[in-house]
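Coordinate-derived values only; no laboratory data. These numbers were taken from a predicted model, which means no experiment stands behind them. Using ideal geometry, Cβ is built from the backbone for each residue, glycine included, and neighbour counts are taken over all protein chains shown.
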Amino acid sequence: MSLHDEPRIRCPGCGKLAPAMKYCIYCGAKLPQAAPPTVAPPTTGPSAPPQVPTVTPPPSPAIEVRDEISNLMSGITALYERKTALLDLFQSGQVSERVFLKLHNEYAGKLRESLSSRISKLEELKNKLNESSRRLSEVGMRLEELEVRRKVGEIDEKEYGQRTDSLKAEERELAESVKTLKASIETLEKTFAEKKPSEIRDLETNIGSYLSVLGKLVGEGKVSSETLETIAPDITETLVFLDSLIKDRKDKERSLREQLETLQTRYKLSELSIEEYERTKRELQAELDKIWV
């Protein structure tokens with residue numbers, strides 16, 4: 001029986017399909033063993049068809065990691081939204097200062113923990129990606145080497161097949177691992193990925209307005225200056241973060257609007273015909289309309 005035909009089992013440790021041995025050849029974890037068949041006592045009546053046991057495979061580690069990352073990122077988005085909703089309630093007078101500070105500090109603490117977990121997970125996955133990519137390159141070079149040895153007659157077809165079967169299986173596993181790791185890293189690097197750019201822009205605008213509103217409330221004596229001093233750095237930090245997510249789009253919008261203004265000026269100075277002006281204006285406006293979609 002060749003290595004391609006031998007029975008394999010999903011390793012609960014690394015998630016790879018390993019030969020059905022006692023231990024995984026990739027990570028050394030103990031593999032689940034099939035239970036020995038039980039022999040039923042003889043009966044006088046017609047025998048019932050044998051029951052085939054159903055084996056539920058353990059969840060793939062890749063799926064578990066994907067779910068963990070998805071929950072982490074959706075949790076970060078939810079915390080930002082709760083903080084924004086809380087600020088809205090506070091500035092409109094729907095929640096007391098004491099309750100506001102309690103909940104704000106709670107959400108801010110949880111958000112710091114989640115963002116720290118995101119950074120740690122990102123670093124962990126990048127290290128794994130580097131290691132898997134390095135090993136994938138080594139396996140590819142080894143397969144190329146064996147191919148050359150076969151072509152020059154150093155090894156025959158049988159030996160070549162025996163020595164490359166396990167390497168090709170490992171290469172497929174590593175390629176799938178690299179693909180999964182890259183997808184997970186991309187998810188971690190895209191905060192608010194489920195929101196449209198226009199929604200992030202509107203969120204930034206709303207949060208930015210709170211500072212001036214709260215400053216006005218402090219001047220009216222409705223909010224203490226201590227509360228504003230407590231939350232102002234957090235609001236500023238949030239604004240910087242949101243700006244980083246859409247900065248490229250804002251820069252592009254600014255550039256296109258400057259081009260529109262320049263176009264209008266050139267037309268007023270009779271540098272352009274009405275046809276040239278209208279055509280270029282439509283092109284620039286089409287680009288503007290696509291920015292926040």
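Count the net charge of all other residues whose Cβ sits under 13 Å from the Cβ of Thr280, scoring Lys and Arg as +1 and Asp and Glu as -1. Walk me through the numbers on the way to the answer.
Details: positive: Arg266, Arg279, Lys281, Arg282; negative: Glu261, Glu271, Glu275, Glu276, Glu278, Glu283, Glu287.
Combined, the nearby Lys, Arg, Asp and Glu give -3.
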Find out how many positive minus negative residues lie around Thr236, taking Lys and Arg as positive, Asp and Glu as negative, among other residues whose Cβ is under 14 Å from that of Thr236. -4
How would the stretch 157-288 be classified by its alpha-carbon gyration tensor: rounded, prolate or oblate, with rounded meaning a/c under 1.5 and the a/b versus b/c comparison settling the rest? oblate
Built amide H within the under 5 Å cut-off of Ile9, gap 5+: Ala18, Ala20
Paramagnetic reach from Leu143 in the stretch 171-209 [backbone N under 17 Å; point 7 Å along Cα→Cβ]: 171-180
The stretch 183-293 - charge dipole about Cα centre, Lys and Arg +1 at Cβ, Asp and Glu -1, debye rounded to 20: 300 debye
What is the extension gain from Val178 to Lys190, computed as 0.36 nm multiplied by their sequence separation minus the C-alpha to C-alpha distance, in nm to one decimal? 2.5 nm
In the stretch 169-226, what GluC sites (Glu not before Pro) fall in a loop by DSSP, with at most 16 other Cβ atoms inside 10 Å? Glu194, Glu220
Among the listed pairs Lys190/Lys247; Lys121/Lys182; Lys195/Lys281; Lys190/Lys281; Lys190/Lys250, those beyond 23 Å (Cα-Cα): Lys195/Lys281; Lys190/Lys281
